[in-house]
Amino acid sequence: MGEIAPRPLRADAQRNRQRLLDAAVRAFSQGEPEVTLESVARDAGVGIGTLYRHFPTREALVEAAYRSELGRLCDAVPELLEQLPAEAALRAWMDRFIDYLAAKRGMADALRLVIESGANPYSESRDRLYAALDLLLAAGVAAGTVRDDVPSADVLASLSGVSLAAGEPARREQAGRLLDLLMDGLRHRPGG
C-alpha cells in the first residue's frame with residue numbers, strides 16, 4: 001500500500017509556517033543560548049499551539065529554519081538571472097550567500113543539537129549550493145562574462161573564505177570588497 005501524500009497547507013497555515021520560520025531564523029541566528037519556543041511564536045505573531053502543529057520539536061523547528069534559509073538562497077537564482085545580467089546576478093547571489101553563512105554561523109549551537117538528535121540538516125546543502133552556483137556560472141559563461149574554467153566547488157570555497165574573513169556585520173564593507181575581488185578573478189578576459 002502506497003503512502004498518502006500530506007494535504008497541502010491552507011494559505012493561512014502556509015503564511016503562519018513561513019512567519020514561524022522567519023522568526024526562528026532571527027532568533028536562533030543571534031547565537032543566544034536559550035531561545036524559547038514561546039518567544040519564537042510571539043515574534044511570529046502566532047500562538048505556541050500553532051508552532052507545535054507545524055514543528056513538534058525544537059529540533060524540527062531549527063532544522064526547518066535552516067533548510068528554509070538554504071532554500072531561499074538557492075531558489076533565488078532563477079529570479080536573479082531573470083532580473084539581472086548574468087554577472088550581476090552572480091555578484092548579487094554572493095551577497096546573499098554571505099548573509100546565509102552569517103545566519104548559519106549564528107545558528108551553530110542550535111544546529112549542533114539537531115545533529116545530536118540524529119537528524120542531518122546539511123544532507124542537501126552541498127548539492128543545492130553547487131546546483132545554484134552551476135546555473136549562475138553557466139549563465140555567465142553563456143553571456144561571455146565569466147570564465148569557463150572555474151568549478152563551482154572553487155567558488156563555493158572562496159565564498160566561505162570571504163565569509164570567515166569578513167562575515168561579521170561590522171565588517172560587511174570588507175566582505176563586499178573581497179567579493180568584488182573574487183568577481184574580478186571570475187571575469188572572462190578575451191584572449192587571456
Exercise. Does residue 102 count as of a type outside the set (D, E, K, R) and either touching a residue at least 60 places away in the same chain (Cβ under 8 Å) or farther than 23 Å from residue 24 by Cα (or both)?
Worked result: yes
The lone condition residue 26 fails out of (1) open to solvent by 40 Å² or more (accessible area, probe 1.4 Å); (2) closer than 30 Å to residue 141 by Cα is (2)
Selection from the range 92-101 of residues modelled with pLDDT of 95 or more and crowded, with 20+ Cβ neighbours inside 10 Å yields 93, 94
In the range 120-151, anything surrounded by 14 or more Cβ atoms within 10 Å (Cβ to Cβ), farther than 16 Å from residue 76 by Cβ, hydroxyl-bearing (Ser, Thr, Tyr) and without any contact (Cβ under 8 Å) to a residue 60 or more places away in the chain is listed as 122
Selection from the range 55-69 of residues under 12 Å from the mean Cα position of the chain (by Cα) and of a type in the set (D, E, K, R) yields 67, 69
Those residues of the range 64-87 which are farther than 13 Å from residue 18 by Cα and open to solvent by 40 Å² or more (accessible area, probe 1.4 Å) amount to 75, 78, 79, 81, 82, 83, 84, 85, 87
Among helices (runs of 4 or more DSSP H) entirely within the range 107-190, at least 2 residues that are basic (Lys, Arg) occur in 125-143, 172-186
Note on the range 44-100: residues among the β-branched types (Val, Ile, Thr) and under 30 Å from residue 142 (Cβ atoms) are 77, 98
Margin query: Condition check: open to solvent by 70 Å² or more (accessible area, probe 1.4 Å) and either of a type in the set (S, T, N, Q) or without any contact (Cβ under 8 Å) to a residue 60 or more places away in the chain (or both). Does residue 109 satisfy that?
Written below: no
Of the residues in the range 24-46 that are among the β-branched types (Val, Ile, Thr) and more than 19 Å from the chain's Cα centre (by Cα), the one that is farthest from residue 13 (Cα to Cα) is 35
Would you confirm whether any residue within the range 155-173 is modelled with pLDDT of 85 or more and basic (Lys, Arg)? no
Of (1) open to solvent by less than 80 Å² (accessible area, probe 1.4 Å); (2) within 13 Å of the chain's Cα centre (by Cα); (3) among the charged types (D, E, K, R); (4) at pLDDT 90 or above, residue 104 fails just (4)
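The values are calculated or read from the model by the stated rules, or taken from the named source; none is laboratory data. Predicted model, so just to flag it, every value in this text is computed and none were measured. Quick reminder, even Gly has a Cβ in these numbers, built from the backbone with ideal geometry, and neighbours come from all protein chains shown. These accessible areas exclude ligands, DNA and RNA; they are computed on the full protein's heavy atoms, side chains included. Shrake-Rupley method; radii C 1.70, N 1.55, O 1.52, S 1.80 Å.
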